[in-house]
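Some notes on the structure that comes next.
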Amino acid sequence: MVKLILVTHGNLAQYMLETASQILGKAAEGIDTLSVTTSSSIEQGAETLKALLAQEQEGAIVLTDIFGGSATNIALTATKDMPKCHVITGLNLSMLLTALNNRKKLNAKELAEKIEADGKRAVINATELLIKGL
């Protein structure tokens, strides 16, 4: 099973995981979260994340909230020498549900590709969709 770690600013990771668990009707197990605060350093956060990833042999996905932010910089620093670890940014609920529902079926690379595609498909201008009558 592919390891999942959510790395976000503040408590977003914990809240996203709780929300996804409510939608799925069961607790999401074996998923770690890492909160980045104003006092977090890239080096300290990367070491913490490396420790969470240390035993992963099947691969891992690290989902972060925003490209260029501290959470993503921590994830990229921690995983730079880990070829089976993929960092996906722009975390949304659709991406997390995809990850939770497919991490037992797909390898890390396949799962990373599916998460990215499903996350992009989930971004819709609903007003425009309604105007077009679809």
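The values are calculated or read from the model by the stated rules, or taken from the named source; none is laboratory data. Since the structure is predicted, the reported quantities are computational estimates derived from the model, not experimental observations. With ideal geometry, Cβ positions are generated from the backbone for all residues, glycine too; neighbour counts draw on all protein chains shown.
Observations on the structure shown:
- Within the range 69-105, the set of residues being without any contact (Cβ under 8 Å) to a residue 12 or more places away in the chain and within 17 Å of S41 (Cβ to Cβ) comprises L76, K80.
- Residue check, S35 touching a Ser or Thr at 6+ places or on another chain (Cβ under 9 Å), more than 15 Å from L4 (Cβ to Cβ) and free of Cβ contacts under 8 Å to residues at least 40 places away in the same chain: yes
For every residue, the table says whether it meets (1) in a loop (DSSP other than H, G, I, E, B); (2) surrounded by fewer than 18 Cβ atoms within 10 Å (Cβ to Cβ).
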| residue | (1), (2) |
| --- | --- |
| L17 | no, no |
| T38 | yes, yes |
| K50 | no, yes |
| Q57 | yes, yes |
| I61 | no, no |
| I66 | yes, yes |
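- Subset of the range 8-60 [of a type in the set (D, E) and within 18 Å of K80 (Cβ to Cβ)]: E43, E47, E56
- Near pairs, Cβ below 7 angstrom, 6+ apart or cross-chain, from the range 122-134 (at pLDDT 90 or above) to any residue that is in a helix (DSSP H, G or I): A122/S94
- Residue match in the range 111-128 (condition: farther than 23 Å from I23 by Cα and of a type outside the set (G, A, S)): yes
- Condition check for E29 on (1) in a loop (DSSP other than H, G, I, E, B); (2) in contact with a Cys (Cβ under 8 Å, 6 or more places away or on another chain): one failure, at (2).
- Being touching a Leu at 6+ places or on another chain (Cβ under 9 Å) and part of a helix (DSSP H, G or I) is a description that does not apply to I131.
- Selection status of A46, part of a helix (DSSP H, G or I), buried (at least 16 other Cβ atoms within 10 Å of the Cβ) and touching a His at 6+ places or on another chain (Cβ under 9 Å): no
- Extreme residue, surrounded by the most Cβ atoms within 10 Å (Cβ to Cβ), among residues of the range 19-36 that are small (G, A, S) and within 14 Å of the chain's Cα centre (by Cα): A20
- Within the range 34-56, the set of residues being modelled with pLDDT under 90 and either of a type in the set (V, I, T) or in contact with a Pro (Cβ under 7 Å, 6 or more places away or on another chain) (or both) comprises T37, T38.
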